[in-house]
Amino acid sequence: MKNIYLIGIGPGNKDYLTIQAIETIKKVDVFLLLEKGERKDTDLLGLRKEILENHLKPGAYRVVTKRMPVRKRGRPAYHEEVAKWRGEVADTIGEFIENDLRDGQNGGILVWGDPALYDGHLEMLRELSRKIRFSYEAVPGISSIQVLAARHKIPLNRISEPILITTARHLKEYDPAEIKNMIVVLDSHASFKNIDDDDIDIYWGGYLGSEDEILLSGRLKDIKEEIKKAIMEAKRRKGWIMDSYILRRRMNE
Ligand SMILES: C[S@@+](CC[C@H](N)C(=O)[O-])C[C@H]1O[C@@H](n2cnc3c(N)ncnc32)[C@H](O)[C@@H]1O
C-alpha cells in the first residue's frame, strides 16, 4: 500500500519542526512540493527545501515539484470557488500518488503550520482516498496562532474565556461589541481597520517566526494606522504578506 504523511512544519522557522516531524520526514521516499509561481514561493518553498537539506542526506530522498492549480477568483460563491480549486489540487496529489509513488513507499507533503488549522489537505486526502487506494497520516505542527501568542507573550485566552478563530472574510459579520477574544487569519488587507471600538486591543504579527517578523500591539484605535502602514510597506518590499492577529476586549480594571 502507498502511504502519505502530511507533516506540519510550523509557520516560518526551520526550528519549529517537532521531533516527530523530523522522524517522519526520515521515513519519506518522495516529497511533493506544489509551487504557485509567485514571489512568495521563494520563501515558502525555500523553507521546505532547507528543512529537507537539514535533516536528510543528499540522494536519500526524491522531490517531485508540481504546479499548484490556480484558483479562479470571482465565482459567485466563495465556497464553490474554493471547493473547485481544492478538487483540482486533490487531482494533482492523486497524480503524484499514482505516478510517483511505488507500492510500499511513503510520500510526504510538508504543510505550513499545522494541518488542522485552515488547511485543506486533510479533507482533500479524505476525498481522494475514496477514489484511489492509499493510506495517510497527519503529523501536527506548531500553528501560526501559537507562535503569535508566544511572540506577544500572551495566552490565547484569559481565565476561562472562549476563543473565536475566524478569517478576515467573516470579520465584518460581527458587531464590534461581540468581539471578546478573537483570532483572525487569512487577512493581508488590514480588515481590522473597519472596527470602531475604543476598548479593543490588537496583537498583530506578520511573517511570524521568520527573519522578517514584525510584531505590533496596542489599543486598536491608536495603532491601526501604524499596522496598516507596516502591512503596506511590507507588501511593497516583499510583494506579499502573511499576518494574523488577536483582537481582545480590554478588561475593566
Ligand atoms: C491557509 S492559513 C494556514 C494556517 C496554518 N495551517 C497554520 O497552522 O498556521 C494561512 C494563514 O495563516 C496565518 N499565518 C500562517 N503563517 C503565518 C506567519 N508566519 N505569520 C503570520 N501569520 C501566519 C495567516 O493568517 C495566513 O493568511
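Considering only residues that are part of a helix (DSSP H, G or I) and either at pLDDT below 95 or near the ligand (Cβ under 8 Å from one of its atoms) (or both), which ones fall in the range 128-145?
Taking the range 128-145 first, the residues part of a helix (DSSP H, G or I) are 128, 144-145.
Answer for the range 128-145, where residues must be part of a helix (DSSP H, G or I) and either at pLDDT below 95 or near the ligand (Cβ under 8 Å from one of its atoms) (or both): Ser144, Ile145.
Condition first: basic (Lys, Arg) and open to solvent by less than 30 Å² (accessible area, probe 1.4 Å). Now tell me which residues in the range 71-109 satisfy that. Outline the logic, then answer.
Initially, the range 71-109 is screened for residues basic (Lys, Arg), giving 71-73, 75, 84, 86, 102.
Passing the criteria: none in range.
Per-residue answers, yes or no, for (1) surrounded by 14 or more Cβ atoms within 10 Å (Cβ to Cβ); (2) part of a helix (DSSP H, G or I); (3) at pLDDT 95 or above:
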position	(1), (2), (3)
Ile4	yes, no, yes
Gly12	yes, no, no
Asp15	no, yes, yes
Thr24	yes, yes, yes
Val28	yes, no, yes
Asp41	yes, yes, no
Leu47	yes, yes, no
Lys66	yes, no, no
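For the residues Ile93, Ile109, the requirement of being in contact (Cβ under 8 Å) with a residue 60 or more places away in the chain, within 21 Å of Leu44 (Cβ to Cβ), away from the ligand (no atom under 16 Å from the Cβ) and assigned by TED's automatic domain parsing to the domain that holds Leu17 singles out Ile93. Residues of the range 174-187 include at least one that is over 20 Å from Arg250 (Cβ atoms), within 13 Å of the ligand (Cβ to nearest atom) and not in a loop (DSSP other than H, G, I, E, B).
Looking at the range 154-163, can you tell me whether even one residue there is within 11 Å of the ligand (Cβ to nearest atom) and modelled with pLDDT of 95 or more? No, there is no match, as no residue in the range 154-163 is within 11 Å of the ligand (Cβ to nearest atom) and modelled with pLDDT of 95 or more.
Condition first: over 28 Å from Val82 (Cα atoms), in contact (Cβ under 8 Å) with a residue 12 or more places away in the chain, surrounded by fewer than 20 Cβ atoms within 10 Å (Cβ to Cβ) and in contact with a Lys or Arg (Cβ under 7 Å, 6 or more places away or on another chain). Can you find one or more residues in the range 229-251 that meet it? Yes; the residues of the range 229-251 include at least one that is over 28 Å from Val82 (Cα atoms), in contact (Cβ under 8 Å) with a residue 12 or more places away in the chain, surrounded by fewer than 20 Cβ atoms within 10 Å (Cβ to Cβ) and in contact with a Lys or Arg (Cβ under 7 Å, 6 or more places away or on another chain). Of the residues in the range 195-207, not one is β-branched (Val, Ile, Thr), within 11 Å of the ligand (Cβ to nearest atom) and either farther than 24 Å from Ile142 by Cβ or open to solvent by less than 60 Å² (accessible area, probe 1.4 Å) (or both).
In this structure, does Lys40 turn out to be closer than 30 Å to Arg151 by Cβ and of a type outside the set (S, T, N, Q)? Against the criterion (closer than 30 Å to Arg151 by Cβ and of a type outside the set (S, T, N, Q)), Lys40 qualifies. If the condition is being within 12 Å of the ligand (Cβ to nearest atom), open to solvent by less than 20 Å² (accessible area, probe 1.4 Å) and touching a Leu at 6+ places or on another chain (Cβ under 9 Å), then the range 208-228 contributes only Leu208.
The values are calculated or read from the model by the stated rules, or taken from the named source; none is laboratory data. None of these values were measured; they are calculated from a predicted model. Positions of Cβ are generated from backbone atoms using ideal geometry, with glycine treated the same way; all protein chains shown enter the neighbour counts. All accessible areas refer to the heavy atoms of the entire protein, side chains included, with ligands and DNA or RNA removed. Shrake-Rupley method; radii C 1.70, N 1.55, O 1.52, S 1.80 Å.
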